[in-house]
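Below is one structure, written out as structure tokens; the observations come after it.
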Amino acid sequence: MQNSYIRKDKKINLRIIIKNCAASLIFCTLVLTQQAKAQFIRDAEIENLLLDYSKPIFLAAGLKPDDVHIGIINNKRLNAFVAGGKNMYFHTGLILEADTPNVVIGVIAHETGHIVGGHLARTGDALAKASRPMLLATILGVGALAAGQADAGMALITGGQQIAKGSFLSFSRAQEASADQIALRLLEKTEQSARGIRDMMDDLADQDALSGVHQDPYVRSHPLSRNRVNFLEQGMKASAFTDREDSPALQFRHDMAKAKIYGFLDHPGTTLRRYAKQNTLPARYARAIALYKNGETSRAVQLVDKLIAYQPTNPYFHELKGQILYEAGRLTESIAPYRQSVALAPDEPLLQIGLATSLLSLETKASAEEALSILKKALRMEEDNMTAYYQMATAHALLGDTGRAELATAERYYILGHQQKASTHARRAMKFLPANTPEWLKAQDIMAKP
């Protein structure tokens, strides 16, 4: 999906996960295996909603909100996890399963507990400790096998594995209990209810006896028990904010995010049936997206125009109209709604990139120069956005600036973690760029990076 509405990308942020995973091999294996077929999603509206959910929690925990990276994964299974210190990831399934913002906020509080508790840093030590008896048992077991004692050898190996697993799970349960305690404290400090996460945990605890195939990933990555549910219930009883509800405005934004996810990621027919008998704004939003995904451009634009008439200052309605027109090949028409979306949300880089992409489709010098200016502004706010670098390379190429086009391409490949390709394009850039200029030195730095 182009123009950063909901953009699927199999590579984005994987480099960040890999780079920060050295402390915990087992956790990284879980993350990388889990996300090997995952699609990371970028969407300004949904990201801003999650940021608004998170900011009070992060501040209460003593974290700077800008220091915590939030990522969205296209996966309908309910899950959320932290990786590499301060990277927090949410499955779309968590948002879809949550009837209220409070559920997601409770999960954010719990995951923040893992961050401030330093749990990922300690996981490697726990894994090493758990592995020692397994290693010893394996050595003894192999020795028994070599001596012809097959039953004894296999028993030793299997027993060692079970001891290691039990030791590590015991450590994981302790981490989860600690994160629950921190979550309750953070929710209390921000005057929010723990009801959402308690209700979610209560539902998930019923899955504890199921096989892994039928469990939600959250159950497998966050060991559950009735004791945890009881602990959260006790925390609710002691809180003055147990009956505190989400504001209508926040609930509306949550429902809009769910409608957007269903519209973009479900089959159009499924979405149209899901919202067929509803006339709420989220329902109309979902239907407009579903019609656009179904190729019914005129009907989709008509619905979006009605949404804009109802909420003319909503930048995401203008953004949606721009994307629909752009992907229908109505390139010139797509620019005006994109401009309006940027005018309404001037500090949102994903909207800026959408406008720049639309401008570049005209393939004129004037549009390329304007797009380049917009992309530079977007990259000042989000310096690792590889779509911006891709479009920047296109703009430079349209303007005949081969050196800067190659440099932008090198930077994009570096963000993706493709060092060999990044070095190749950086080397090409240096052939065209004046020696010792800032751009030339940047290309040289990319070549020198491991």
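What the table shows:
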| read-out | value |
| --- | --- |
| Inter-label distance for THR332 and ALA448, nm, one decimal - labels placed 7 Å from Cα along Cα-to-Cβ | 4.9 nm |
| R0 of 60 Å, Cβ-Cβ distance LYS365-GLN251: FRET efficiency to nearest 0.05 | 0.80 |
| Carbon plus sulfur fraction of accessible area for the range 237-283, probe 1.4 Å, in percent | 53 percent |
| Of LYS86/LYS442; LYS377/LYS431; LYS76/LYS293; LYS376/LYS442, those spanning more than 25 Å from alpha-carbon to alpha-carbon | LYS86/LYS442; LYS377/LYS431 |
| Heavy-atom surface of the range 342-450, accessible at 1.4 Å and reported per residue (Å²) | 48 Å² |
| Exposure ranking of PHE252, PHE317 by accessible area [1.4 Å probe, largest first] | PHE252, PHE317 |
| Residues whose placed amide H lies under 5 Å from that of ARG42, excluding near-sequence neighbours | ARG7 |
| Whichever aspartates and glutamates have a C-alpha closer than 18 Å to that of LYS277, once near sequence neighbours (fewer than 8 apart) are set aside | ASP255, ASP266 |
| Rounded percent of accessible protein surface that carbon and sulfur make up, the range 324-389, 1.4 Å probe | 48 percent |
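The values are calculated or read from the model by the stated rules, or taken from the named source; none is laboratory data. This structure is a prediction, so every number in the text was calculated from the model and none was measured. A quick note on method: Cβ atoms are made from the backbone with ideal geometry, for glycine too, and the neighbour counts reach across all protein chains shown. Just the protein is used for accessible areas: all its heavy atoms, side chains included, with ligands, DNA and RNA removed. Shrake-Rupley method; radii C 1.70, N 1.55, O 1.52, S 1.80 Å.
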